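The values are calculated or read from the model by the stated rules, or taken from the named source; none is laboratory data. Since the structure is predicted, the reported quantities are computational estimates derived from the model, not experimental observations. Here the Cβ positions follow ideal geometry from the backbone for every residue, glycine too, while neighbour counts run over all protein chains shown. For accessibility, only protein heavy atoms count, side chains too; no ligands or nucleic acids. Shrake-Rupley method; radii C 1.70, N 1.55, O 1.52, S 1.80 Å.
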Amino acid sequence: MAGLDEPMTITFLLIARLPGGGAEAFDAYEDAVLPLLAEYGGRLERRVRSLDDGTEVHLVGFPGEQEFEAYRADPRRAEHAHLLERSGAAIELLPVRDLTSRNPPSGR
């Protein structure tokens, strides 16, 4: 649990399932909205895609819930929503917590 002097942070795992041919429109959407993260204190920690272009995963952090909600409400995201719709992506967004300190990397 964070101490009183430590800022609260929130981390999300975004899973995007992309149908065949959807990656190009999804990339265009992401190119438009990911740069907005910094304005809200957000940070893209990791972005990976399966070799078949069918699934993309993001690990994204924000200072808190208020900043996350402000990012989601940014009208510039809505301006590009048609690209997300065109991609056909099915999005799952999960709040997550880091367990690295519990099981440190093995160095492999």
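What are the pairs, 6+ residues apart or on separate chains, where a residue within the range 64-80 that is within 17 Å of THR11 (Cβ to Cβ) has its Cβ under 7 Å from a residue that is in a helix (DSSP H, G or I) and of a type in the set (A, V, I, L, M)?
Correct list of pairs: TYR71/LEU36; TYR71/LEU37.
When you look at GLU92, is it open to solvent by 70 Å² or more (accessible area, probe 1.4 Å) and of a type in the set (Asp, Glu), yes or no? Write out each step before concluding.
Details: open to solvent by 70 Å² or more (accessible area, probe 1.4 Å): yes; of a type in the set (Asp, Glu): yes.
When the stated conditions are applied, GLU92 passes them.
Please enumerate the residues belonging to the range 37-63 that are touching a helix residue (DSSP H, G or I) at 6+ places or on another chain (Cβ under 6 Å) and either farther than 14 Å from ILE10 by Cα or part of a helix (DSSP H, G or I) (or both).
Scanning the range 37-63 gives TYR40, ASP53.
Step by step: first the residues of the range 35-47, then only those that are out of contact with any His (no Cβ under 9 Å at 6 or more places or on another chain) and among the aliphatic types (A, V, I, L, M), then the one that is surrounded by the most Cβ atoms within 10 Å (Cβ to Cβ). Which residue is that?
LEU37
Quick check on my filter: what residues within the range 64-104 are assigned to a loop (DSSP other than H, G, I, E, B) and more than 18 Å from ALA38 (Cβ to Cβ)?
As a first pass, look at the range 64-104 and keep what is assigned to a loop (DSSP other than H, G, I, E, B): 64, 74, 80, 88-89, 97-104.
Of everything in the range 64-104, those that are assigned to a loop (DSSP other than H, G, I, E, B) and more than 18 Å from ALA38 (Cβ to Cβ) turn out to be GLY88, ALA89, ARG97, ASP98, LEU99, THR100, SER101, ARG102, ASN103, PRO104.
Looking at this structure, is SER50 free of Cβ contacts under 8 Å to residues at least 12 places away in the same chain and open to solvent by less than 60 Å² (accessible area, probe 1.4 Å)?
The answer is yes for SER50.
Condition first: open to solvent by less than 30 Å² (accessible area, probe 1.4 Å), free of Cβ contacts under 8 Å to residues at least 60 places away in the same chain and not in a helix (DSSP H, G or I). Can you find one or more residues in the range 24-34 that meet it?
For the range 24-34, residues open to solvent by less than 30 Å² (accessible area, probe 1.4 Å), free of Cβ contacts under 8 Å to residues at least 60 places away in the same chain and not in a helix (DSSP H, G or I): absent.
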